[in-house]
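J.: Input: one structure, supplied below.
The values are calculated or read from the model by the stated rules, or taken from the named source; none is laboratory data. The structure presented is a predicted model; accordingly, all values stated were derived computationally and were not measured. Virtual Cβ from ideal backbone geometry, glycine too; neighbours counted across all protein chains shown.
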Amino acid sequence: SEVYPNVHRNNHYKKLSSDDLEYFNSILSKQEIMYTGTGNNLQELDLYNEDWMKKYKGQSHLVLKPKSVEKISLILNYCNEEKLAVVPQGGNTDLVGASVPVFDEIILSLNNLNQIREFDPVSGILKCDAGVILENADNYLREHDHIFPLDLGAKGSCHVGGVCATNAGGLRLLRYGSLHGSVLGLEVVMPNGDIVSSMHSLRKDNTGYDLKQLFIGAEGTLGIITGVSILTQPKPQAINVSFLAVQNYEAVQKVFVKAKKELAEILSAFEFMDQRSIQLTKKHIEKDTPFPLEEEYPFYILIETSGSNKAHDDAKLETFLESAMESEIVIDGTIAQDETELQNLWKWREMIPESSQCQGGVYKYDVSLPLKDLYSLVEVVNKKLVEADLLGSAPKPVIAAVGYGHVGDGNLHLNVATRLYSKEIECTLEPFVYEYVSSKHGSISAEHGLGFQKKNYISYTKSEPEIKMMKDLKKHYDSNGIMNPYKFI
Ligand code: FAD
Ligand code: 2HG
Ligand code: ZN
């Protein structure tokens, strides 16, 4: 392939034939098939072949968008028999090249499987199809005085099934925990077409292995998630957002400790950004910084509180901020006065991923590190890029290496914003970044997964026995290897 010179199509997989198309046409309606040979040109399939960062691109000629679980079962059973490779796809917002084909794999999109199934306002359990867009699920829940226990910048496009398949973490993991805890049941179509369901879910159920966990974070390599049952949370009655400035990364840690202690049960997010993240975002969204002052600071922190009593939360946050400023840990700060200001402050955080990728390209690293070492990765990478003479104004290819992320979860996002994608930049960064993370006993993927980007680097975090166990599982449940090939397993 010209796109991936070091990866070759595995000829064990069959190439799509007219008989295959005839079969798909016999079980699906016209609205459920996009094929380049009948009416659709290859560009129309770009939306499905190409990832959000425009970094990875496959050449599939066929997208299937079935409207029922039974049809997905028939499709997978057929693909398994015929050895046709399949890429499950949700909202295609993944950031590691997991959601798009590498060669000609059939894209199985969950877009048309998008109904809320039921909601129980007493237990707070929501059951829905995998293809429901996260924001739609959250809006539905809000009408019923609840919220989805996960929130992220891609909520307008990503699917409930997609976030489960990646085990996305997002902005409120600190408060509501990971999907491994809040997902209570899944409905999954296995590669042979079997439908396995634990949707009749309960808060407590200790009857043997918790099988649904296998599919949370499997990135579509074991089966297709078609239904999700999840424990949702009561809608908070009071939300506050505060944006703070601090002098160095030491101070970020001090504010975190203080916030956990003094804001305690109402703390719902603790995010940080460095100065360069804010500079990139400022350029992209063309707005003034959150503070009335023009001055820029080395580090920024966004704190969100969610509680049930506005007066109580306001008082707590104000006391916290006053004492943080008196002791000079925090050098500047603001609290949103209304919903618009609150959304604006969040925007400064949520727009960083887009701002870092819109000037040509981006190399994204999503890592877990011990908190004391979290920001050191950004520093060593900046040094490395300067030494390699790659960072600076044009014609140097790298614009900036910025750091931000979910401090509360020990999760750093290092984004290297570039003017173009180039092997030279990639080879300067990889495996350097992974080696560094491994030397600090961190994880090379905190929340985005491994996908295609990190397929060769899993051993930097997982041991040989762990990798073997994963391969055994894969071999057992997907013996023909049709599910999302060429990715991490
Ligand atoms: P896709 O991108 O379509 O697919 C992701 C993976 O899951 C692929 O391997 C695919 O094959 C598989 N898959 C999808 N649906 C299914 C299914 N039904 N059954 C089986 N496999 C399936 N991630 C975070 O963790 N935290 C964040 O804060 C965060 N913020 C983001 C902000 C932006 C602006 C963007 C673009 C991405 C962000 N992400 C974040 C990345 C995150 O992984 C995705 O947004 C989300 O988890 C992917 O959901 P999706 O429906 O788009 O899945
Ligand atoms: C976030 O926290 C997402 O904003 C995306 O996980 C991070 O783009 C990134 O690197
Ligand atoms: Zn994140």
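J.: Quick check, is residue 296 in contact with a strand residue (DSSP E or B) (Cβ under 9 Å, 6 or more places away or on another chain) and either buried (at least 19 other Cβ atoms within 10 Å of the Cβ) or not in a loop (DSSP other than H, G, I, E, B) (or both)? Give the derivation first.
T.: On the way: in contact with a strand residue (DSSP E or B) (Cβ under 9 Å, 6 or more places away or on another chain): yes; either buried (at least 19 other Cβ atoms within 10 Å of the Cβ) or not in a loop (DSSP other than H, G, I, E, B) (or both): no.
For residue 296, the condition - in contact with a strand residue (DSSP E or B) (Cβ under 9 Å, 6 or more places away or on another chain) and either buried (at least 19 other Cβ atoms within 10 Å of the Cβ) or not in a loop (DSSP other than H, G, I, E, B) (or both) - is not met.
J.: I need a count of the residues in the stretch 350-375 that are surrounded by 18 or more Cβ atoms within 10 Å (Cβ to Cβ), of a type outside the set (A, V, I, L, M) and within 10 Å of ligand 2 (Cβ to nearest atom).
T.: Adding up the residues that qualify gives 9.
J.: Any idea how many residues of the stretch 415-425 are over 17 Å from residue 387 (Cβ atoms) and either within 15 Å of ligand 3 (Cβ to nearest atom) or free of Cβ contacts under 8 Å to residues at least 40 places away in the same chain (or both)?
T.: Of the residues in the stretch 415-425, 2 are over 17 Å from residue 387 (Cβ atoms) and either within 15 Å of ligand 3 (Cβ to nearest atom) or free of Cβ contacts under 8 Å to residues at least 40 places away in the same chain (or both).
J.: Answer yes or no: is there a residue in the stretch 115-125 that is surrounded by 24 or more Cβ atoms within 10 Å (Cβ to Cβ), within 15 Å of residue 226 (Cβ to Cβ) and not hydroxyl-bearing (Ser, Thr, Tyr).
T.: no
J.: Among the residues of the stretch 186-203, are any within 23 Å of the chain's Cα centre (by Cα) and within 16 Å of ligand 2 (Cβ to nearest atom)?
T.: no
J.: Can we say residue 238 is more than 16 Å from ligand 2 (Cβ to nearest atom), out of contact with any His (no Cβ under 7 Å at 6 or more places or on another chain) and over 30 Å from residue 159 (Cα atoms)? Break it down into steps so the answer makes sense when it comes.
T.: On the way: more than 16 Å from ligand 2 (Cβ to nearest atom): yes; out of contact with any His (no Cβ under 7 Å at 6 or more places or on another chain): yes; over 30 Å from residue 159 (Cα atoms): no.
Against the criterion (more than 16 Å from ligand 2 (Cβ to nearest atom), out of contact with any His (no Cβ under 7 Å at 6 or more places or on another chain) and over 30 Å from residue 159 (Cα atoms)), residue 238 does not qualify.
J.: Considering the stretch 178-192 alone, what residues qualify as being within 12 Å of ligand 1 (Cβ to nearest atom) and either in a helix (DSSP H, G or I) or at pLDDT below 95 (or both)?
T.: Looking only at the stretch 178-192, we keep the residues that are within 12 Å of ligand 1 (Cβ to nearest atom), and these are 178-179, 186-191.
Correct list: 179 only.
J.: Right, something else. Out of curiosity, is residue 305 polar (S, T, N, Q) and within 16 Å of residue 285 (Cβ to Cβ)?
T.: Details: polar (S, T, N, Q): yes; within 16 Å of residue 285 (Cβ to Cβ): no.
Judged against the criteria, residue 305 is not a match.
J.: Return the residues of the stretch 253-280 that are among the charged types (D, E, K, R) and away from ligand 2 (no atom under 15 Å from the Cβ); say none if nothing qualifies. Can you show your working first?
T.: Residues of the stretch 253-280 among the charged types (D, E, K, R): 254, 258, 260-262, 265, 271, 274, 276.
Those that are among the charged types (D, E, K, R) and away from ligand 2 (no atom under 15 Å from the Cβ): 254, 258, 260, 261, 262, 265.
J.: OK, next. Which residues, taken from the stretch 443-483, are basic (Lys, Arg) and away from ligand 2 (no atom under 16 Å from the Cβ)? Quick ask: steps written out before the conclusion?
T.: So the first thing to find is which residues in the stretch 443-483 are basic (Lys, Arg), and the list is 454-455, 462, 468, 471, 474-475.
455, 462, 468, 471, 474, 475, listed by residue number.
J.: Shifting gears a bit: From the residues in the stretch 331-349 that are surrounded by 19 or more Cβ atoms within 10 Å (Cβ to Cβ) and within 16 Å of ligand 3 (Cβ to nearest atom), which one is nearest to residue 415 (Cα to Cα)?
T.: 349
J.: Can you run down the residue pairs with Cβ atoms below 8 Å, 6 or more apart or on separate chains, where the first is in the stretch 221-237 and touching a residue at least 12 places away in the same chain (Cβ under 8 Å) and in the same structural domain as residue 134 (by TED's automatic domain parsing) and the partner is part of a strand (DSSP E or B) and surrounded by fewer than 18 Cβ atoms within 10 Å (Cβ to Cβ)?
T.: Sorted first by the residue in the stretch 221-237, then by its partner, the pairs are 223/196; 226/195; 227/117; 227/197.
J.: For residues that are within 14 Å of ligand 1 (Cβ to nearest atom) and either more than 17 Å from residue 161 (Cα to Cα) or among the charged types (D, E, K, R) (or both), scanning just the stretch 204-226, find the one that is farthest from the chain's Cα centre (by Cα).
T.: Among residues in the stretch 204-226 that are within 14 Å of ligand 1 (Cβ to nearest atom) and either more than 17 Å from residue 161 (Cα to Cα) or among the charged types (D, E, K, R) (or both), the one farthest from the chain's Cα centre (by Cα) is 212.
J.: Follow-up question, since we're still on this one. Taking the criterion of being assigned to a helix (DSSP H, G or I) and farther than 22 Å from residue 131 by Cβ, would at least one residue in the stretch 7-17 satisfy it?
T.: No: zero hits.
J.: On to the next question. Which number in (1) part of a helix (DSSP H, G or I); (2) in contact (Cβ under 8 Å) with a residue 60 or more places away in the chain; (3) away from ligand 3 (no atom under 16 Å from the Cβ) marks the one condition that residue 481 misses?
T.: (1)
J.: Next question, about the same structure. Before we move on, is residue 229 in a strand (DSSP E or B) and among the small types (Gly, Ala, Ser)? If you could, list the steps in order and put the result at the bottom.
T.: Values: in a strand (DSSP E or B): yes; among the small types (Gly, Ala, Ser): yes.
Spelling it out, residue 229 is indeed in a strand (DSSP E or B) and among the small types (Gly, Ala, Ser).
J.: Which pairs have Cβ atoms under 7 Å, sit 6 or more apart or on different chains, and link a residue in the stretch 426-449 that is touching a residue at least 40 places away in the same chain (Cβ under 8 Å) to one that is more than 16 Å from ligand 1 (Cβ to nearest atom) and of a type in the set (Lys, Arg)?
T.: That search, which allows pairs on different chains as well, returns 428/384; 432/384.
J.: As an exercise: evaluate residue 155 against (1) more than 16 Å from ligand 3 (Cβ to nearest atom); (2) farther than 18 Å from residue 227 by Cβ; (3) surrounded by fewer than 24 Cβ atoms within 10 Å (Cβ to Cβ); (4) not aliphatic (A, V, I, L, M) and give the number of the one condition it does not meet.
T.: Condition (1) is where residue 155 drops out.
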